[in-house]
1. Any residue in region 214-226 that is under 17 Å from residue 190 (Cβ atoms) sitting within a Cβ distance under 8 Å of a residue that is at pLDDT 80 or above and in a loop (DSSP other than H, G, I, E, B)? List the pairs, counting only those 6 or more apart or interchain.
2. State which residue pairs qualify: first residue without any contact (Cβ under 8 Å) to a residue 12 or more places away in the chain and inside region 229-258, second residue part of a strand (DSSP E or B) in any location, beta carbons under 6 Å apart, and separation of 6 or more residues or different chains.
3. Spot the failing condition for residue 197; the list is (1) among the polar types (S, T, N, Q); (2) buried (at least 22 other Cβ atoms within 10 Å of the Cβ); (3) more than 26 Å from residue 85 (Cβ to Cβ), and only one is missed.
4. So residue 246 ticks every box in (1) within 25 Å of residue 89 (Cα to Cα); (2) in contact with an Asp or Glu (Cβ under 7 Å, 6 or more places away or on another chain); (3) modelled with pLDDT of 95 or more; (4) surrounded by 14 or more Cβ atoms within 10 Å (Cβ to Cβ) but one. Which box is left unticked?
5. Suppose the filter is under 14 Å from residue 216 (Cβ atoms), at pLDDT below 95 and of a type in the set (A, V, I, L, M); does residue 101 pass it?
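The values are calculated or read from the model by the stated rules, or taken from the named source; none is laboratory data. Every value quoted in this text rests on a predicted model; they were computed, and no experiment measured them. Glycine also receives a Cβ, built like all others from the backbone with ideal geometry; neighbour counts cover every protein chain displayed.
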Amino acid sequence: MGKKQDVIRALFEKCQSQDNFVFHNNLVKEVCKTFSFGNPFDITKIDNSSLLPDDVKKTDYFIVHLGSGYHQFVKGIAYGYHNFEPILPSETHDWPYRQSLLNEFDTSESNILSIASNQRIIHDFLFEDIVATPKVYLARRTKHSFEYHIGTQTIVTKNLQMEIDLTFEYDGQVTVIEGKNGFPADFAVYQLFHPFQYYCTLGQDHELDIKQIACCYILRTRSKDNSIIRIYCYTFDTNANISSIRLLKKAEYRLIQR
């Protein structure tokens, strides 16, 4: 078990002992010093459930972000993390690929998204048209306040900062996109849900004619001889309920060098 898991466990035990599961970044920094963990801002970023300590998982708690430096342990891991669905053979495509100068230069999330876009994989997946010309909005950070439900619990956020890796807009359809290396078993639903909520509010408050909001998760693995990209597209059937996530479609693209 790593130091990050040790810090999370200690935070959970403090919250349990005080019967108050809301905590602030100041407490995170304090506990990090105890374990000589140098990056307190990384502690509450738990992209998949395998990063949670086993004993915290057994109690069925996970962390949500409330904004303004506050976080909360909430019961119901099944609401907070969603398993990636298996890719079927019929959803697997060999994709002709000519490696360019920077494609394999690094493994950053922005590089993953750049390859998927430059190779027209996103266009094929989302629009079934590799010459489609969506409007592209690059990575950004924004803050948003909203309420939503996790099971029977109501979560209130205030000035919640969120990161949006990439956004496409095409014919009234807005698609937010998250990129990650590797093929984890699941993902933290808030990574898609927070931007979804933001665009829902943006559409309502500004009366924008947004016909659909979709959320894509793009994963990539690579070796010396091949590169594989998986894309999952989701939406939420109920704006204010994180458990209403629903898969729209999925696919795997195997990049075949020409």
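1. 217/84
2. Sorted first by the residue in region 229-258, then by its partner, the pairs are 237/246; 244/236.
3. The one condition residue 197 does not meet is (3).
4. It is condition (4) that residue 246 fails.
5. no
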